[in-house]
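Trainee: The structure follows.
The values are calculated or read from the model by the stated rules, or taken from the named source; none is laboratory data. Predicted model only: the values in this text are computed from it and were never measured. Quick reminder, even Gly has a Cβ in these numbers, built from the backbone with ideal geometry, and neighbours come from all protein chains shown. Areas reflect the complete protein model, heavy atoms only, side chains present, ligands, DNA and RNA absent. Shrake-Rupley method; radii C 1.70, N 1.55, O 1.52, S 1.80 Å.
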Amino acid sequence: MAAVNLGAWLCALLAAVAAVLPAADALGMNWGTQATHPLSPRIVVQMLKDNGIKKVKLFDADQGTLNALAGTDIEVMVAIPNNLLDIMNDKDNARDWVRHNVSRYHFDGGVNIKYVAVGNEPFLASYNGTFDKVTFPALQNIQNALNDAGFSEIKATVPLNADVYNSPANNQVPSAGRFRTDVAPLMTQMVQFLANNSAPFTVNIYPYLSLYLSEDFPVDFAFFDGLAKSLVDGERTYTNVFDANFDTLVSALAAVGHGDLPIVIGEVGWPTDGDKHATNDLAKRFYDGLLPRLAANTGTPLRPSQYMEVYLFGLLDEDVKSVAPGAFERHWGVLRFDGQPKFPMDLTGNRQNTMLVPAKGVQYLPRTWCVYNPNAEDKSKLVENVNYACTFADCTALGLGSTCYGMDANGNASYAFNMYFQVQNQKDEACDFQALAVPTQTDPSTAACSFPIQIAAASSTSSGHRRARAGPLGAAALLVLLALVQLLMSQ
């Protein structure tokens, strides 16, 4: 009997199964929780069910989250954060992790764990090799621990950034794709291990970042509506960067002998604030192109007419994510922080003008805002107070090209003060700022800029007492401070 190519057989099987599944069954969502007031896991899980979402990718193995997912049959990818990879190089630690985070939940009527993500983009070039030596041993130990525990059907995988592969500068076409030189030997070993264990290669592909990182990048090539100039690669033609990026990976895998390895898209999405290209309209344009393609199993030129397992990034906005890559990082959600939809989105891929089902049972703090006090006598400390507010709350919506950009100095200060006030659960002392702020029951929102009311502790996993640091002062806050300095100089 002829030898069977296991990777090709798996791809064909997945495509056949997907052909009879509704689109939402084939779609997953990334559920991140880097927020000052993350929604209660039970509210989120109900929202997933209401929208027919049957796959979810986590960034940890939080007990409350997994308990909420128990009994739902939602497929789950649990995760080991990068800071634990070194610990997982010890086989006993890996077995303990599997016992506490998989065996404890994965049983009939429990949590339907399908994957374990070992790290998150550990080979990012910007990490300068920090996790290069510890990731592969951790992957091996976790998969072996799963196998030994009787869970060989659960696959360990490493979600990787698309920067682990590229095409050479003198031949930038998908067919020339190769793994990045500094990690090529490591990637070859890891790909072989994944293939031996029938585990997929997981990659995060972000057309938005291609646009964000290069002013010369053709805007239309980030979308799927065929308006861009095509990229011709021999007999294949590419009309969008997603397909080109995906097939660059396929070529890189083929170059190490595994061109048929199953690929999971661990993250793909479009942010809605924090940059001139991060808008609701462009996010809708992106998803309106992506989702019908996924529903139709369109595939790519190198893998045409094939099912693609995809996890959208992300489910909810997260107001304490690092803004080091850009202010947009806190605005990837297809839903706001409170589980309310931002724009029409049809997960079935049928292009219906429908909204996602919002979170139910969300309770909010009272309708009270904190705004700049125009009658303040001493304005000399306004700049440092706004600085403080934006250090401990999210002011990214104030940046250039963002939804709240362009307000006057009073509006900027009011936004900063209110964001801090809400993060602090509307405590009286959180709306003073040395007499520069006052509470109000009149909504200061404008047509373009929403001044939010935070969710109450009953709907959140927040303790109601912590003071979460939103991060270092970013570009948005600097613009606010500049406007405030101008205001003070005019007094």
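Trainee: Against the condition out of contact with any Lys or Arg (no Cβ under 9 Å at 6 or more places or on another chain), under 30 Å from Asp96 (Cβ atoms), surrounded by 18 or more Cβ atoms within 10 Å (Cβ to Cβ) and in the same structural domain as Val264 (by the TED database), how does Val203 come out, does it pass?
Mentor: Working: out of contact with any Lys or Arg (no Cβ under 9 Å at 6 or more places or on another chain): yes; under 30 Å from Asp96 (Cβ atoms): yes; surrounded by 18 or more Cβ atoms within 10 Å (Cβ to Cβ): yes; in the same structural domain as Val264 (by the TED database): yes.
For Val203, the condition - out of contact with any Lys or Arg (no Cβ under 9 Å at 6 or more places or on another chain), under 30 Å from Asp96 (Cβ atoms), surrounded by 18 or more Cβ atoms within 10 Å (Cβ to Cβ) and in the same structural domain as Val264 (by the TED database) - is met.
Trainee: Out of all the residues in segment 98-111, which are among the aromatic types (Phe, Trp, Tyr) and open to solvent by 20 Å² or more (accessible area, probe 1.4 Å)?
Mentor: Correct list: Phe107 only.
Trainee: Can you find a residue that is under 27 Å from Ala278 (Cα atoms), over 26 Å from the mean Cα position of the chain (by Cα) and open to solvent by 20 Å² or more (accessible area, probe 1.4 Å) anywhere in segment 239-247?
Mentor: First pass over segment 239-247, keeping only residues under 27 Å from Ala278 (Cα atoms): 239-247.
From the residues that got through so far, the ones that are over 26 Å from the mean Cα position of the chain (by Cα) too are none.
For segment 239-247, residues under 27 Å from Ala278 (Cα atoms), over 26 Å from the mean Cα position of the chain (by Cα) and open to solvent by 20 Å² or more (accessible area, probe 1.4 Å): absent.
Trainee: Right, something else. Are there any pairs, at least 6 apart or on different chains, whose C-beta atoms fall under 6 Å, with the first in segment 169-192 and not assigned by the TED database to the domain that holds Phe217 and the second hydroxyl-bearing (Ser, Thr, Tyr) and open to solvent by less than 30 Å² (accessible area, probe 1.4 Å), and if so, which?
Mentor: As it stands, the answer is none, since no pair meets every condition given.
Trainee: Something else about it: Against the definition (crowded, with 20+ Cβ neighbours inside 10 Å and touching a helix residue (DSSP H, G or I) at 6+ places or on another chain (Cβ under 6 Å)), how does Val371 come out, yes or no? If you could, list the steps in order and put the result at the bottom.
Mentor: Values: crowded, with 20+ Cβ neighbours inside 10 Å: yes; touching a helix residue (DSSP H, G or I) at 6+ places or on another chain (Cβ under 6 Å): yes.
For Val371, the condition - crowded, with 20+ Cβ neighbours inside 10 Å and touching a helix residue (DSSP H, G or I) at 6+ places or on another chain (Cβ under 6 Å) - is met.
Trainee: Now a separate question. From the residues in segment 75-97 that are assigned to a loop (DSSP other than H, G, I, E, B) and touching a helix residue (DSSP H, G or I) at 6+ places or on another chain (Cβ under 9 Å), which one is surrounded by the fewest Cβ atoms within 10 Å (Cβ to Cβ)? Quick ask: steps written out before the conclusion?
Mentor: First, the residues of segment 75-97 that are assigned to a loop (DSSP other than H, G, I, E, B): 81, 85-86, 90.
Keeping just the survivors that are touching a helix residue (DSSP H, G or I) at 6+ places or on another chain (Cβ under 9 Å) gives 85-86, 90.
Details: Leu85: 24, Asp86: 16, Asp90: 13.
Within segment 75-97, the match that is surrounded by the fewest Cβ atoms within 10 Å (Cβ to Cβ) is Asp90.
Trainee: Looking only at segment 432-466, filter to residues that are of a type in the set (Ser, Thr, Tyr) and at pLDDT 95 or above; which one of those is most open to solvent (accessible area, probe 1.4 Å)? Step through it out loud before you land on a result.
Mentor: To start, the set of residues in segment 432-466 that are of a type in the set (Ser, Thr, Tyr) comprises 440, 442, 445-446, 450, 459-463.
When the remaining residues are screened for being at pLDDT 95 or above, the result is 440, 442, 445-446, 450.
Working: Thr440: 28, Thr442: 99, Ser445: 41, Thr446: 69, Ser450: 63 Å².
The residue in question is Thr442.
Trainee: Tyr388 fails exactly one of the following numbered conditions: (1) crowded, with 16+ Cβ neighbours inside 10 Å; (2) more than 23 Å from Asn30 (Cα to Cα); (3) in contact with a helix residue (DSSP H, G or I) (Cβ under 6 Å, 6 or more places away or on another chain). What is the number of that condition?
Mentor: (3)
Trainee: Scan segment 45-76 for residues that are in contact (Cβ under 8 Å) with a residue 60 or more places away in the chain, on the phi < 0 side of the Ramachandran plot and more than 17 Å from the chain's Cα centre (by Cα) and jot them down.
Mentor: Within segment 45-76, Gln46, Met47, Asp50, Asn51, Gly64 qualify.
Trainee: I'd like to verify a number: residues in segment 114-140 that are touching a Ser or Thr at 6+ places or on another chain (Cβ under 7 Å) and surrounded by fewer than 20 Cβ atoms within 10 Å (Cβ to Cβ), how many?
Mentor: Of the residues in that region, 0 qualify.
Trainee: Pull up segment 141-176, narrow it to residues that are more than 26 Å from the chain's Cα centre (by Cα) and open to solvent by less than 40 Å² (accessible area, probe 1.4 Å), then point me to the one that is farthest from Leu194 (Cα to Cα).
Mentor: Val173
Trainee: Do the conditions hold for Ala79, that is, is it among the small types (Gly, Ala, Ser), over 25 Å from Leu356 (Cα atoms) and touching an Asp or Glu at 6+ places or on another chain (Cβ under 8 Å)?
Mentor: Values: among the small types (Gly, Ala, Ser): yes; over 25 Å from Leu356 (Cα atoms): yes; touching an Asp or Glu at 6+ places or on another chain (Cβ under 8 Å): yes.
Taking the combined requirement at face value, the residue satisfies it.
Trainee: Among the numbered conditions (1) crowded, with 17+ Cβ neighbours inside 10 Å; (2) more than 22 Å from Asn425 (Cβ to Cβ); (3) in the same structural domain as Pro38 (by the TED database), tell me where Lys342 comes up short.
Mentor: Evaluating Lys342 over (1) crowded, with 17+ Cβ neighbours inside 10 Å; (2) more than 22 Å from Asn425 (Cβ to Cβ); (3) in the same structural domain as Pro38 (by the TED database) leaves (3) as the failure.
Trainee: Tally time: how many residues in segment 361-414 are over 23 Å from Lys276 (Cβ atoms) and in a loop (DSSP other than H, G, I, E, B)?
Mentor: Qualifying residue count, segment 361-414: 17.
Trainee: With respect to Tyr212, determine if the residue is touching a Gly at 6+ places or on another chain (Cβ under 6 Å) and modelled with pLDDT of 95 or more. Before you say what the answer is, go through the steps one by one.
Mentor: Details: touching a Gly at 6+ places or on another chain (Cβ under 6 Å): no; modelled with pLDDT of 95 or more: yes.
Considered against the rule, which asks whether it is touching a Gly at 6+ places or on another chain (Cβ under 6 Å) and modelled with pLDDT of 95 or more, Tyr212 comes out as no.
Trainee: As an exercise: evaluate Met355 against (1) free of Cβ contacts under 8 Å to residues at least 40 places away in the same chain; (2) within 21 Å of Pro41 (Cα to Cα) and give the number of the one condition it does not meet.
Mentor: The number of the failed condition is (2).
Let's see how each residue does on (1) more than 15 Å from Phe151 (Cβ to Cβ); (2) in contact with a Cys (Cβ under 6 Å, 6 or more places away or on another chain); (3) outside any strand (DSSP E or B):
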residue: Asp73; (1), (2), (3): yes, no, yes
residue: His100; (1), (2), (3): no, no, yes
residue: His106; (1), (2), (3): no, no, yes
residue: Gly109; (1), (2), (3): yes, no, yes
residue: Ile113; (1), (2), (3): no, no, no
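Trainee: Check segment 467-482 and report whether any residue there is modelled with pLDDT of 95 or more and assigned to a loop (DSSP other than H, G, I, E, B).
Mentor: Just the residues of segment 467-482 that are modelled with pLDDT of 95 or more, to begin with: none.
For segment 467-482, residues modelled with pLDDT of 95 or more and assigned to a loop (DSSP other than H, G, I, E, B): absent.
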